Amino acid sequence: MECLGVSSYQNLQALSALLSTQQEEDEDETAYTKKTSKDIWSEEEVAEGSQYDDLADPRPQPYEIILKQSVGTEDLFLGLSQKDPSSMCCEAMLVKIKLPDTKAKDVFLDLKEKYLDLRTPKKLGLHLPHPIQNQEGKAQFFSDRQELEVTLLMKPMDCINMQ
């Protein structure tokens, strides 16, 4: 029995030595890869949708995003639909964009699943916080407030709490 115990102990030591040298080699290899690469960020670190960014445009981008959900009395008093106030249970997104000195005829709006592109004398390129149904929605320009309101229907999300 003792012989088996000593053998097991030696096997564990040998395995430990083997793993520790392999782990050190892996660390050296990843450090070498990071040092030789000329990339500033890895692909995992780049935010989704950044290909739409126009970094050379210094103009201000004034906007406000409001998430909306339909709430009835069964939600308010009884909680039957199991909706919560999180953005996961929202159905629509309202984007309010201030456009001073702009007329409705000068507004060009293009929507992608996660990006709103507004072309006027004042430009807005906005990454949306949730995917939208880009074929659905409504836009309305209020000339008295000089504001464009865009109501977008969000793609349904799988709510964790909904059953």
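Of note:
- Residue tally, condition more than 14 Å from Gln146 (Cα to Cα) and open to solvent by 70 Å² or more (accessible area, probe 1.4 Å), over region 92-113: 3
- Test result for Leu118, surrounded by 13 or more Cβ atoms within 10 Å (Cβ to Cβ) and modelled with pLDDT of 85 or more: yes
- Residue that is modelled with the lowest pLDDT, among those in region 55-90 that are within 23 Å of Phe141 (Cβ to Cβ) and charged (D, E, K, R): Arg59
The values are calculated or read from the model by the stated rules, or taken from the named source; none is laboratory data. Because the structure is predicted, anything quoted here is derived from the model rather than measured. Reconstructed Cβ throughout: ideal geometry from the backbone, glycine too, with neighbour counts over all protein chains shown. Side chains included, ligands, DNA and RNA excluded: accessible areas come from the protein's heavy atoms. Shrake-Rupley method; radii C 1.70, N 1.55, O 1.52, S 1.80 Å.
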